[in-house]
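Trainee: Can you keep this structure in mind? I'll have questions shortly.
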Amino acid sequence: MNNLIILPIIIPIIAGMLMVICKNMIKFHRFLSLLAIISVGTVSVLLMEQIKFAGIQILYLGGWQAPFGITLVADMFAVMLVLVTAIVTFCCLCYAFSSIGIERELHYFYPLVLFMIAGVNGAFLTGDIFNLFVCFEVMLVASYVLISLGGTRIQLRESVKYILINMISSFFFLVAIAFLYRMTGTLNLAHLSVLVAKAGQGGLMTAVAFLFLIVFSLKAGLLLFFWLPGSYSAPPPAIAAIFAALLTKVGVYAIIRLFSLVFYHEPGVTHQLIGVLAAITMVLGAMGAVAYGDIKRIMTYNVMIGIGFILAGFASFSTAGMSGTVYYLIHDMIVKALLFLLGGTIIYLTGTGKLKEMSGLIRLHPQLGWMFFIAALSLSGIPPLSGFIGKIFITEGTFHSGYFWLGGIGLLSGLMVLYSMLKIFMNVFWGYTNLTDETDKGTHRGLLLPIGILTVLTIALGLGAEGIHEYVDLAVMGLMEPGLYIDAVRGSSLW
């Protein structure tokens, strides 16, 4: 057993509780939040090295072995996502120091972010489907407060929709868990995999799988994304960036985990349906990104395109497709946070999000303009930036599996992404500007630093893809070979 596995969950919780006790000590909140996130990132790096040399790491809470107790499982896929979560959160917190405002800071902004991150990390590391539900709820409860923190009209309106949708999906999540437990008598993911393989994934089991797919599609924004554009446009940029980078990705992770470990026996049914949903999501997301002339709306529709493209690689269920899914998922978490922070900075400078009401910003802020240009190219999958590697592998995987239509839609959606990003770049940064040195609010005070870090990361992930391929290969191996996960969790048990 490895006790390090629980640290990415309990470190944010303990730090958040200390902040709640010391309510008005904002500088302490800032310092402790960064320290907690850096600690989580350090632990995840240590776990990655241990997994690399010793295999999947397990922790049985209370000493109760699976399937009777709560099990935490750290495989390479989960721990890589924990590390990227820490990096993204660190940059968003740094951005929030200069942008979120003292009122939100006094109303527990930093503890809420850490509680949400504890739920995200718990969802990645849990080996139990009921505790996956619990971690989802921890994450969502914190996000309910964050989306409404500040109490503006648009925040309150969108938070009602956001909370209602997630409550409905959580209800169906519990119903699906109840059906699955009634049919198998266990909730441990590894044990579920063994029992479903023995019993066969018949019609009723596939129906339960579809119910889980509906639940996680609602949470990930896969086809059922009607709640997402408004909800992700309402909060301040630092919060919206965390939401776009992390929350939908937890739903994506849950789909990948369940349909590669438990419900993988009928890929012609389940995975083909995931492919169809991914294709429709990419098409609708591309239509929205091209049609709108508002920065926030364009970026939120690009979130949907990214979700569809990630799951297109998974739907192929091939080694190349899965490699592309892992690469692109890591890339998408970083670049979506970068874009939302860039968009927030643009709106802060100009006072509007409408493309027709701004121009020429690059004259006063060239660094901001070129960082946006790099982010746009990276999001579109232009070499040698981070999106290129994932796009190549996903396209190869879909073609190899015979899903030519899915790979083609993915490539076309990439062109629409490029068009929508260049539309922002040309309208916002090119042309004459009506801003002057006197009316310009400036981008100093810490706003450019976290944006610069994420920009460097998206370049480094593209140029240095060879440096992480070993870790990506181990993550893909764990997803493609469920026996590795099962053997690690089972240990010496006979089930």
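Trainee: Among the residues in the stretch 98-117, are any free of Cβ contacts under 8 Å to residues at least 24 places away in the same chain, touching a helix residue (DSSP H, G or I) at 6+ places or on another chain (Cβ under 8 Å) and assigned to a helix (DSSP H, G or I)?
Mentor: Checked the stretch 98-117: no residue is free of Cβ contacts under 8 Å to residues at least 24 places away in the same chain, touching a helix residue (DSSP H, G or I) at 6+ places or on another chain (Cβ under 8 Å) and assigned to a helix (DSSP H, G or I).
Trainee: Does Asp75 fit the bill of being in contact with a strand residue (DSSP E or B) (Cβ under 7 Å, 6 or more places away or on another chain) and of a type outside the set (Phe, Trp, Tyr)?
Mentor: Spelling it out, it is not the case that Asp75 is in contact with a strand residue (DSSP E or B) (Cβ under 7 Å, 6 or more places away or on another chain) and of a type outside the set (Phe, Trp, Tyr).
Trainee: Let me ask you something else. Please determine, by comparing only the residues of the stretch 278-289 that are touching a Ser or Thr at 6+ places or on another chain (Cβ under 8 Å) and crowded, with 23+ Cβ neighbours inside 10 Å, which one is nearest to Met421 (Cα to Cα).
Mentor: Applying the filter and picking the extreme gives Ala289.
Trainee: Okay, next question. Among residues belonging to the stretch 1-53 that are free of Cβ contacts under 8 Å to residues at least 12 places away in the same chain and over 23 Å from Ala96 (Cβ atoms), point out the one that is surrounded by the fewest Cβ atoms within 10 Å (Cβ to Cβ).
Mentor: Phe53
Trainee: So, one more: Return the residue satisfying two criteria in turn: it lies in the stretch 67-97 and is assigned to a loop (DSSP other than H, G, I, E, B) and in contact with a Leu (Cβ under 9 Å, 6 or more places away or on another chain), and of such residues it is nearest to Thr126 (Cα to Cα).
Mentor: Filtering the stretch 67-97 for residues that are assigned to a loop (DSSP other than H, G, I, E, B) and in contact with a Leu (Cβ under 9 Å, 6 or more places away or on another chain), the one nearest to Thr126 (Cα to Cα) comes out as Ile70.
Trainee: Separate question: Are there any pairs, at least 6 apart or on different chains, whose C-beta atoms fall under 7 Å, with the first in the stretch 225-254 and within 20 Å of Ile346 (Cβ to Cβ) and the second of a type in the set (D, E, K, R), and if so, which?
Mentor: Pro229/Arg297; Gly230/Glu158; Gly230/Lys161; Ser233/Lys296; Ser233/Arg297; Ala234/Glu158; Ala244/Lys336; Ala245/Lys336
Trainee: Suppose we filter Ile382, Ile409, Ile374 for residues that are over 20 Å from the mean Cα position of the chain (by Cα), of a type in the set (A, V, I, L, M) and at pLDDT below 95; which single one remains?
Mentor: Ile382
Trainee: Could you go through the stretch 109-117 and let me know if any residue there is under 11 Å from Ile26 (Cβ atoms) and either at pLDDT below 95 or more than 16 Å from the chain's Cα centre (by Cα) (or both).
Mentor: yes
Trainee: Could you please find all residues in the stretch 253-276 being of a type in the set (A, V, I, L, M, F, W, C) and within 22 Å of Val476 (Cα to Cα)?
Mentor: Across the stretch 253-276, the qualifying residues are Ala254, Ile255, Ile256, Leu258, Phe259, Leu261, Val262, Phe263, Val269, Leu273, Ile274.
Trainee: Against the conditions (1) farther than 30 Å from Leu93 by Cβ; (2) surrounded by fewer than 24 Cβ atoms within 10 Å (Cβ to Cβ); (3) of a type in the set (Phe, Trp, Tyr), where does Tyr292 fall short? Just the number, please.
Mentor: (1)
Trainee: Just for the stretch 118-155: of the residues that are under 14 Å from the mean Cα position of the chain (by Cα) and of a type in the set (Phe, Trp, Tyr), which one is farthest from Val489 (Cα to Cα)?
Mentor: Phe136
Trainee: May I pose another question? Counting only residues that are within 19 Å of Pro235 (Cβ to Cβ) and β-branched (Val, Ile, Thr), which one in the stretch 99-146 is surrounded by the most Cβ atoms within 10 Å (Cβ to Cβ)?
Mentor: Ile117
Trainee: Hey, another quick one. Having 1 or more residues that are closer than 21 Å to Ile330 by Cα and modelled with pLDDT of 90 or more is the bar; report the helices (runs of 4 or more DSSP H) wholly within the stretch 197-254 that clear it.
Mentor: In the stretch 197-254, the matching helices (runs of 4 or more DSSP H) lie at 203-220, 237-242.
Trainee: While we're here: Could you list, ordered by first residue, the pairs with Cβ atoms under 6 Å in which the first is in the stretch 419-438 and at pLDDT below 95 and the second is surrounded by fewer than 19 Cβ atoms within 10 Å (Cβ to Cβ) and among the aromatic types (Phe, Trp, Tyr), at least 6 apart or interchain?
Mentor: Phe425/Phe373
Trainee: Scan Leu349, Leu379 and give me the residue that is within 25 Å of Gly462 (Cα to Cα), of a type in the set (A, V, I, L, M) and either touching an Asp or Glu at 6+ places or on another chain (Cβ under 8 Å) or assigned to a helix (DSSP H, G or I) (or both).
Mentor: Leu379
Trainee: Within the stretch 209-243, work out how many residues are among the small types (Gly, Ala, Ser) and under 23 Å from Phe179 (Cα atoms).
Mentor: Total meeting the criteria: 3.
Trainee: Identify, from the list Gly313, Gly353, the residue that is touching a strand residue (DSSP E or B) at 6+ places or on another chain (Cβ under 6 Å) and not polar (S, T, N, Q).
Mentor: Gly353
Trainee: Where the second residue is buried (at least 20 other Cβ atoms within 10 Å of the Cβ) and among the polar types (S, T, N, Q) and the first is within 14 Å of Ala190 (Cβ to Cβ) and lies in the stretch 469-495, which pairs have Cβ atoms under 8 Å and are six or more apart or on separate chains?
Mentor: Taking only residues 6 or more apart or on different chains, the pairs are Leu479/Ser260; Pro482/Ser193; Pro482/Ser260; Tyr485/Ser193; Ile486/Ser193; Ala488/Gln57; Val489/Thr71; Val489/Asn188.
Trainee: Is it the case that some residue within the stretch 310-320 is crowded, with 24+ Cβ neighbours inside 10 Å, within 27 Å of Pro450 (Cα to Cα) and either at pLDDT 95 or above or among the small types (Gly, Ala, Ser) (or both)?
Mentor: Checked against the condition, which is being crowded, with 24+ Cβ neighbours inside 10 Å, within 27 Å of Pro450 (Cα to Cα) and either at pLDDT 95 or above or among the small types (Gly, Ala, Ser) (or both), the stretch 310-320 yields at least one hit.
The values are calculated or read from the model by the stated rules, or taken from the named source; none is laboratory data. Keep in mind that this is a model prediction, so the values were computed, not measured. Every residue, glycine as well, gets a Cβ built from its backbone with ideal geometry; the counts of neighbours run over all protein chains shown.
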